[in-house]
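A.B. asks: Sharing a structure, written as structure tokens. Questions coming.
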Amino acid sequence: MNALKVEMFEGLCTTRAIRRYLPDPIPAEHLAKILFAATRAPSGANRQPVRFVVLRGGDAGRPAREVLGRAFRVAWAAKRNSDSFYRSDGSDPDSPRTRQARTIQHYVDHLEDVPVIVLLCARLRDGTMSFLDGASVYPAGQNLLLAARALGYGGVFSVWHLLAVDELKAAAGIPDDVTVAGVVTLGKPAGRHGPVRRVALADVVYDETWEQPAEWAADPPGTRLTRPGPAAPVRPRPPSGGAE
């Protein structure tokens, strides 16, 4: 593991979502290191349910890429409208939010050509995934992104595949008792990594009880902050009882 270039704390604080990639392929030996790190993530009772389907650009993986491309474009169109990424009056075209929208649009338009796409799968006991199961699955996705960052790559985690998950599983030959928990795209960044900007630490860390200020929770000097994005739209809950 001597090839790792980034000090750990720096990697944690600078690994940002990368959606623009150079066309360079990721060498197999680097992919092996990235996936090795992913398998070292925490796993409840050491059950190790995570499986990885790696789409590297070969013909066999093309149908799954096409399914993902269609699903991601539909998901982004809905999110772009629901979260008002573009102002109706067209003002401030260079605002951070508008620039982010352009980046995501480019991302979904070129999804099929991303150098590497990893389907983060989970073989679970009853074929369905619960909140508790996620604790043994999603840390692997974060480890994967951090390892990619250390080796000079970047990526982003998404669940937009859920719009076409059955079609995706059929295209990739994934059995019914396996859940596709997420999709990670990877490549050599066309831009660069962080530092990542978030809200102030004092706004999200409480001392002993809810909303009790934590005087010790201070951001490091020079930290750049940002406001949170819009709240997710409220979706109606399904009926909890029988027919009315």
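The values are calculated or read from the model by the stated rules, or taken from the named source; none is laboratory data. All figures in this text were calculated on a predicted structure; none of them were measured in a lab. Note: ideal-geometry Cβ built from the backbone for every residue, glycine included; neighbour counts use all protein chains shown. Note: areas computed on protein heavy atoms with side chains; ligands, DNA, RNA excluded. Shrake-Rupley method; radii C 1.70, N 1.55, O 1.52, S 1.80 Å.
A.B. asks: Return the carbon/sulfur percentage of the accessible area of region 96-189, one whole number, probe 1.4 Å, all protein chains in place.
C.D. replies: The computed percentage sits at 56.
A.B. asks: Could you give me the ³J(HN,Hα) list for region 206-211, computed from phi with Karplus coefficients 6.51, -1.76, 1.60 and θ = phi - 60°, whole Hz, x at Gly and Pro?
C.D. replies: Using θ = phi - 60°, the values come out as 10, 9, 6, 9, 4, 6 Hz.
A.B. asks: Give me the percent of the accessible area of region 1-75 that comes from carbon and sulfur atoms, probe 1.4 Å, all protein chains in place.
C.D. replies: Here it works out to 56 percent.
A.B. asks: Quick one: which residues, 5+ away or cross-chain, put their amide H under 5 Å from the amide H of residue 53? H built at 1.01 Å from N.
C.D. replies: 119, 121
A.B. asks: Still on this structure, please answer the following. Any idea how far apart residue 106 and residue 223 come out in nm if each label point goes 7 Å out from Cα toward Cβ?
C.D. replies: Distance between label points: 2.9 nm.
A.B. asks: Which semi-axis lengths, in whole Å and largest first, follow from the square roots of five times the eigenvalues of the Cα gyration tensor of region 149-214?
C.D. replies: 35, 22, 9
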